[in-house]
Structure formats: structure tokens, C-alpha cells
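Readers should treat all values here as calculations from the given coordinates under stated rules, not as data from a laboratory. Everything numeric in this text was worked out from a predicted model, so none of it was measured. As a convention, Cβ positions derive from the backbone with ideal geometry for all residues, glycine included, and neighbour counts pool all protein chains shown.
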Amino acid sequence: MIAFIKNILSKIFTFGNQHTQMRKHIILFGPPGSGKGTQAKQLEEKYGLVQISTGDLFRYEMGNDTPLGLKAKEYMAKGELVPDEVTVGMLKNKVNQTSEAKGFIFDGFPRTINQAEALDEFLQTKDESVAALIALEVDDDEIVNRLLERGKTSGRADDSDESIIRNRINIYKQETSPVYKFYDKKSKSKTLNGIGSIDIIFNRLCDEIEAL
Ligand code: B4P
């Protein structure tokens, strides 16, 4: 009888651990144009994780002229952050709609300490947490070049004007970079050189993720 109970308990705990291990949530971090979106798409394919890009979600809403999209447009066109209450609600909806995912790559989220706290609290309600924040380091001039280059074809208002790009970089330094320290205090932050070919950076990221 005791052996039977032990067996049942061990199955329950094994299942619990497997579930927790399977859900690996990674924050891909870095300034605008550091390659978060580019890399997240490849990581999604390799590891079967689901990319959630708040920038893409906002662009989708803007493209459909929804009330949320119209609100986001006011801020994004100037290179400013969309208010936290709008962003956090949208993110939670997306996570809940994708509940079967093995884990998420958060691309461009969290961008403020408020967003980071909201994310941690939200994941805690599911008995989950962020596995790591991986920051791609790229200098300002490289960012400006990349985004102006993308602006030639993307049609994005926030990529076509150097002063807007510089504003995005400044906002990153003031409002977003503290998120790195927030996760560093939990020993979860890592930094990678984001300059080099897309494949080289992808390999660096894979090494970090596999070491988690
Ligand atoms: P996002 O859509 O998140 O994107 P991003 O900052 O433009 O760039 P990303 O780092 O993903 O760069 P990518 O791979 O595309 O944000 C846009 C706006 O949305 C924000 O400014 C804000 O207004 C709003 N927003 C989004 N999330 C928010 C949030 N959480 N809270 C509030 N507001 C929010 O790469 C850029 C270019 O570089 C591409 O052309 C790519 O081809 C090139 N590239 C990539 N890797 C390269 C490499 N290794 N070498 C050379 N070029 C490379």
C-alpha cells in the first residue's frame, strides 16, 4: 500500500517538474534594432518556443485600425513607448491565447520596470517564471544605420527619421535598460555581443539557451 502511494506521488511530482521544465520563458533584450525580432524568429523555429513581439502585435492592431492600434500609433510614430497599461493587457491576452506553448520568447517586452513586475506577477500566477534575460549589445551608430536601412523598405515611420531613431535609443537607455538590472538582481541577466553576422549571433544565443 505504501509503495502504491509512493508511486502515485512520484508520478504527480514528475509530471509537475516536466511541465515546469518544458515551459522555458526567455526575454530577448536590447536596444531598438539590436536584432531581437530577427533572432527570435529563428529561435522559435529551433526550439519550438512561441515568439511574442509587442511591436508586431501593435503593428498588427495599427494595420487593422483597431482602437488599440490607433492608440499605439500616437506613441510609436514618435518613437515613444506605448503606455504600460495598454501593453501589459495585450501581452497577457496573447500569453493566455497560446496556453499550449512550450515556452515564450518575449521580444521587446518588458520595456519598463512596471512591465517587468507585471510579467513576473503574471507568470507567478501560473507557477512559472522567466528563465533568463539575454541582452544583445549594439552601439548607437550601428543601430541608426540598421534602422535607416530597414526604413527604406519597411514603411515604418519610426525607422525613417534619424531623430526619431535617436529618441528611441534615448528612451531605451532611460526607461528600458533598468530592466536588465531588475533581472540581474535575480541572477538571470546575460549579455551577448550583438555585432556580427546573424548566424554567428544566433549560435551565441543557442549556446546561452542550451546552458540554461
Ligand atoms: P519593436 O517592434 O520591438 O522593434 P525594434 O525595436 O524596432 O527592433 P528589433 O530589436 O526587434 O530589431 P530587428 O530584429 O527588427 O519596437 C517598435 C516600437 O513599438 C517601440 O519603439 C515602441 O514604440 C513600441 N513598443 C514595442 N514593445 C513595447 C513595449 N513593451 N512597451 C511599450 N512600447 C512598445 O532588427 C532591426 C534591423 O537590423 C533589421 O532590418 C534587421 O535585418 C537588421 N539586423 C538584425 N540583425 C543584424 C545583424 N546581426 N547585422 C546587421 N543587421 C542586422
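3J(HN,Hα) along the stretch 134-140: 10, 9, 8, 9, 9, 6, 4 Hz, from the Karplus curve 6.51 cos²θ - 1.76 cosθ + 1.60 with θ = phi - 60°, whole Hz, x for Gly and Pro.
Relative to the longest principal axis of the Cα atoms of the chain, the long axis of helix 113-124 lies at roughly 20 degrees. For the pair LEU148 and ASP184, a Förster radius of 35 Å applied to the C-beta separation gives a FRET efficiency near 0.65, rounded to the nearest 0.05. Between SER160 and ASN96, full extension at 0.36 nm per residue minus the direct alpha carbon distance yields a gain of 19.6 nm. Helix 198-210 axis versus longest C-alpha principal axis of the chain: approximately 30°, rounded to the nearest ten. Treating r as the C-beta distance of THR191 and GLU45 and R0 as 22 Å, the FRET efficiency rounds to 0.40. Relative to the 2.2 N^0.38 Å rule of thumb, the chain has a C-alpha radius of gyration ratio of 1.12.
Annotation: for a label point projected 7 angstrom from Cα along Cα→Cβ of ALA131, residues of the stretch 43-84 with backbone N closer than 19 Å are 43-53.
Using Cβ point charges alone (K and R +1, D and E -1), the dipole size of the chain about the Cα centre works out to roughly 680 debye. Exceeding 30 Å between C-alpha atoms, which entries from my cross-link table qualify? They are LYS71/LYS188; LYS36/LYS186; LYS71/LYS152; LYS152/LYS190. From the list (LYS71/LYS188; LYS36/LYS186; LYS71/LYS152; LYS152/LYS190), the Cα-Cα distance tops 30 Å for LYS71/LYS188; LYS152/LYS190.
Determine the sum of side-chain charges near ALA101: Lys and Arg each +1, Asp and Glu each -1, restricted to other residues whose C-beta is under 13 angstrom from that of ALA101.
Here the charged neighbours net out to +2.
Restricting the calculation to alpha carbons of the stretch 122-212 gives Rg and Dmax of 15.8, 44 angstrom. Report note on the peptides 187-199, 80-92: ranked by the mean count of other C-beta atoms within 10 Å, highest first, their order is 80-92, 187-199.
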